[in-house]
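Right, one structure below, let's go through it.
The values are calculated or read from the model by the stated rules, or taken from the named source; none is laboratory data. The model shown is predicted, which means the values in this text are computed figures rather than measured ones. Glycine gets a Cβ as well: all are built from the backbone with ideal geometry, and neighbour counts include every protein chain shown.
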Amino acid sequence: MSVLITGIGELTTNDDELGVLTDAAVVLDGARVAWAGPARHAPAAGERIEVDGRAVLPGWVDSHTHLVFAGDRTAEFTARMAGEPYRAGGIAVTVAATRAASDATLAAALRQHVAEALAQGTTYLETKTGYGLTVPDEARAAKLAAAQVDEVTFLGAHLVPPGVPADDYVDLVRGPMLDAVAPHVRWADVFCETGVFDADQSRAVLTAAARRGLGLRVHGNQLGPGPGVALAVELGAASVDHCTYLSGTDLDALAGSDTVATLLPACDLSTRQPLPPARALLDAGVTVALATNCNPGSSYTSSMAFCVATAVLQMRMSVAEAVRAATWGGARALRRDVGPDAVGVLRPGARADVHVLNAPSITHLAYRPGVPLTWAVWRAGARVRGTTHSIW
Ligand code: NIG
């Protein structure tokens with residue numbers, strides 16, 4: 001059945017022609033957007049929903065999470081807040097807990113995290129393996145993720161397991177592990193960082209994955225300057241994620257490429273790193289995405305709204321830039337910004353992923369940080385959350 005959502009006070013479409021509309025309406029037909037435009041021109045539909053001047057935008061596209069995990073790292077977080085630095089080696093704690101968990105436990109925890117994100121307006125979600133680090137454990141994570149999320153990334157190169165020689169592990173990742181995981185994933189990723197995987201090791205994994213037909217992503221320049229951004233651009237990766245420490249050369253390389261810079265501000269806050277240079281990236285013409293990096297170690301939040309508020313309040317992004325980065329930018333980072341599968345945009349033919357705020361404009365996302373503003377959500381045309389609560 002078709003649904004007319006009307007009385008929209010401010011409609012953010014991310015479509016170049018439609019732009020931002022006031023007094024607008026959207027028509028959903030099944031899983032797709034059928035129409036968007038001024039309310040007075042809206043076609044009739046089977047059901048009519050009046051949103052009384054609320055703001056409507058595409059559902060959030062969270063293009064970077066690590067949700068197949070078990071266990072808890074509160075103690076590590078507490079130590080960090082007391083002055084300890086974030087160390088990549090903390091990943092091993094989650095690896096041990098994840099390996100020890102049953103499939104049912106991991107699937108239930110993943111379901112809970114996906115539901116938590118959806119309730120906050122995240123309608124398209126990527127997640128990674130990377131807390132298994134053996135062939136069977138990585139294959140299990142990939143299968144569990146593929147059953148519940150939109151996009152799955154193979155991150156066997158997340159950490160060299162303690163006691164395993166690094167080069168042996170790289171051979172395992174680019175050989176038997178990749179073979180086992182490839183049927184379940186669309187992307188491959190590497191944590192390219194000092195003390196984790198260097199440029200040559202990262203290149204070896206990523207080129208093997210590209211030969212298997214996987215798209216590439218890179219964790220780069222998170223904990224210090226490094227080769228991650230340059231490698232991502234060299235290999236034509238869809239996205240390089242973190243980008244906390246960038247040189248002028250990194251900025252120029254990104255500006256001359258199709259690689260999206262995916263910024264993860266909640267992670268930088270939780271690890272007490274500086275925030276990434278969003279303004280410099282945008283001013284250089286780089287495509288920027290915002291994502292949560294939801295994981296139990298460095299960034300345990302599923303709130304895209306928090307990332308948007310932080311980007312505006314602390315990273316000098318405008319509200320429009322931040323919302324676009326958290327919707328269309330994420331879609332671009334996942335190469336889902338065009339075609340019949342398009343997400344992060346509200347135009348005829350795109351997936352019907354709609355987020356209604358209990359606010360008159362997207363500005364309230366930064367003006368009222370920390371306030372749960374999600375009022376209703378449709379994912380692929382199905383209404384997943386709704387309330388009649390109104391306070392303005
Ligand atoms: O993106 N950088 C690598 N991976 C995660 C951290 C995962 C963890 O600490 O468990 C990140 O921050």
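Here are the numbers:
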read-out	value
Residue match in region 357-367 (condition: assigned to a strand (DSSP E or B), at pLDDT 95 or above and over 18 Å from residue 115 (Cβ atoms))	yes
Residues of region 46-64 that turn out to be under 13 Å from residue 378 (Cβ atoms), buried (at least 16 other Cβ atoms within 10 Å of the Cβ) and more than 27 Å from the chain's Cα centre (by Cα), as a count	2
Single match in 223, 206, 216 (criterion: assigned to a helix (DSSP H, G or I) and under 22 Å from the mean Cα position of the chain (by Cα))	206
Residue check for residue 271: closer than 22 Å to residue 59 by Cα, more than 13 Å from the chain's Cα centre (by Cα) and in contact (Cβ under 8 Å) with a residue 12 or more places away in the chain	no
Single residue of region 279-302 satisfying the filter (surrounded by fewer than 22 Cβ atoms within 10 Å (Cβ to Cβ) and in contact (Cβ under 8 Å) with a residue 24 or more places away in the chain) that is nearest to residue 76 (Cα to Cα)	300
Residue within region 321-333 that is under 12 Å from the mean Cα position of the chain (by Cα), in the same structural domain as residue 218 (by TED's automatic domain parsing) and at positive phi present	no
Selection from region 56-69 of residues that are within 12 Å of the ligand (Cβ to nearest atom) and not hydroxyl-bearing (Ser, Thr, Tyr)	64, 66, 67, 68, 69
Filter result (β-branched (Val, Ile, Thr), under 26 Å from residue 344 (Cβ atoms) and within 16 Å of the ligand (Cβ to nearest atom)) within region 138-184	152, 153
Unmet requirement for residue 75, which otherwise passes all of (1) crowded, with 24+ Cβ neighbours inside 10 Å; (2) free of Cβ contacts under 8 Å to residues at least 24 places away in the same chain	(1)
Residue among 266, 261, 320 that alone is closer than 20 Å to residue 364 by Cβ and either part of a strand (DSSP E or B) or within 14 Å of the ligand (Cβ to nearest atom) (or both)	266
Qualifying residue in region 165-173 (condition: surrounded by 23 or more Cβ atoms within 10 Å (Cβ to Cβ) and part of a strand (DSSP E or B))	no
Qualifying strands (runs of 3 or more DSSP E) (wholly inside region 24-112; at least 3 residues being out of contact with any helix residue (DSSP H, G or I) (no Cβ under 7 Å at 6 or more places or on another chain) and aliphatic (A, V, I, L, M))	32-38
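Conditions (1) under 27 Å from residue 194 (Cβ atoms); (2) basic (Lys, Arg); (3) free of Cβ contacts under 8 Å to residues at least 24 places away in the same chain; (4) not assigned by TED's automatic domain parsing to the domain that holds residue 293, marked per residue:
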| residue | (1), (2), (3), (4) |
| --- | --- |
| 89 | yes, no, no, no |
| 99 | yes, yes, no, no |
| 105 | no, no, no, no |
| 109 | no, no, no, no |
| 122 | no, no, no, no |
| 127 | yes, no, no, no |
| 144 | no, no, no, no |
| 149 | no, no, no, no |
